[in-house]
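What follows is one structure encoded as structure tokens, with my remarks underneath.
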Amino acid sequence: MGMGMELSGPSTIEAKADFMTNDVWTVHTKYHIEMMYANGVNVILDNTLPVGIRFEGEDGWIFCTRGAVKVTASDPSAGVGEGKALTASDPKLLAAKLAPGAKIWAPSTNHYLNWLESVANHREPLAPVDQAARSLTTCAAAWIGMKLGRKLTWDPVKEAFLNDDAANAMRSRKPRSAEYDIDLVLKKAGI
């Protein structure tokens with residue numbers, strides 16, 4: 001949401017990772033991912049960086065994290081800013097006035113509760129499903145990059161890798177049985 005690209009995705013992905021061997025989860029340990037977006041923003045994910053997001057610009061940087069708050073019990077601790085949700089290279093950046101018409105997101109201390117309230121009240125949650133789906137697609141594309149260990153070109157409109165059969169083959173997998181085959185499920189439902 002911080003880039004204005006929540007319904008898009010990266011144009012290129014360069015990723016490397018060390019994966020555990022002989023595990024049942026195919027989990028990575030060390031990783032480094034760089035994703036370039038069409039608007040020129042480079043997103044870097046690395047296991048050595050603090051948990052949170054750092055926005056860098058001409059005037060300095062702002063680091064945003066959940067601070068000491070955990071949305072779920074499995075959330076890792078941020079490990080920076082002494083539990084502060086916002087820190088900056090210059091404290092004046094945190095006091096700056098927002099531009100007229102700037103988007104201000106409502107706070108959420110519990111995304112699960114926000115979703116349930118949204119269903120009950122027939123309104124969009126703070127994380128709408130189409131934005132959440134695009135976030136997950138981006139994560140999956142990054143994981144494919146980590147598995148292949150080479151630069152990939154991604155088409156965020158088609159949600160496919162360009163000229164890369166090996167990467168595209170990893171976008172889905174064969175269902176466990178016919179009852180999970182999406183085409184059969186849709187056909188049975190008359191869709």
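Some notes on this structure:
- Residue in the range 129-149 that is in a loop (DSSP other than H, G, I, E, B), within 25 Å of Met5 (Cα to Cα) and free of Cβ contacts under 8 Å to residues at least 60 places away in the same chain present: no
- All strands (runs of 3 or more DSSP E) inside the range 10-80 with 2 or more residues being among the aromatic types (Phe, Trp, Tyr), surrounded by 11 or more Cβ atoms within 10 Å (Cβ to Cβ) and modelled with pLDDT of 85 or more: 60-64
- Condition met for Arg171 (under 24 Å from the mean Cα position of the chain (by Cα), at pLDDT 90 or above, surrounded by 13 or more Cβ atoms within 10 Å (Cβ to Cβ) and assigned to a loop (DSSP other than H, G, I, E, B)): yes
- Among the residues of the range 174-188, the ones that are surrounded by 13 or more Cβ atoms within 10 Å (Cβ to Cβ) and of a type in the set (Val, Ile, Thr) come to 1 in all.
- The selection criterion, being among the aromatic types (Phe, Trp, Tyr) and surrounded by 10 or more Cβ atoms within 10 Å (Cβ to Cβ), does not hold for Trp105.
- Inspection of the range 144-164 finds a residue satisfying the criterion of being surrounded by 13 or more Cβ atoms within 10 Å (Cβ to Cβ), at pLDDT 90 or above and of a type in the set (S, T, N, Q).
The values are calculated or read from the model by the stated rules, or taken from the named source; none is laboratory data. Being a predicted model, the structure only gives us computed values, none of them experimental. Cβ: placed from backbone, ideal geometry, glycine included. Neighbour counts: every protein chain shown.
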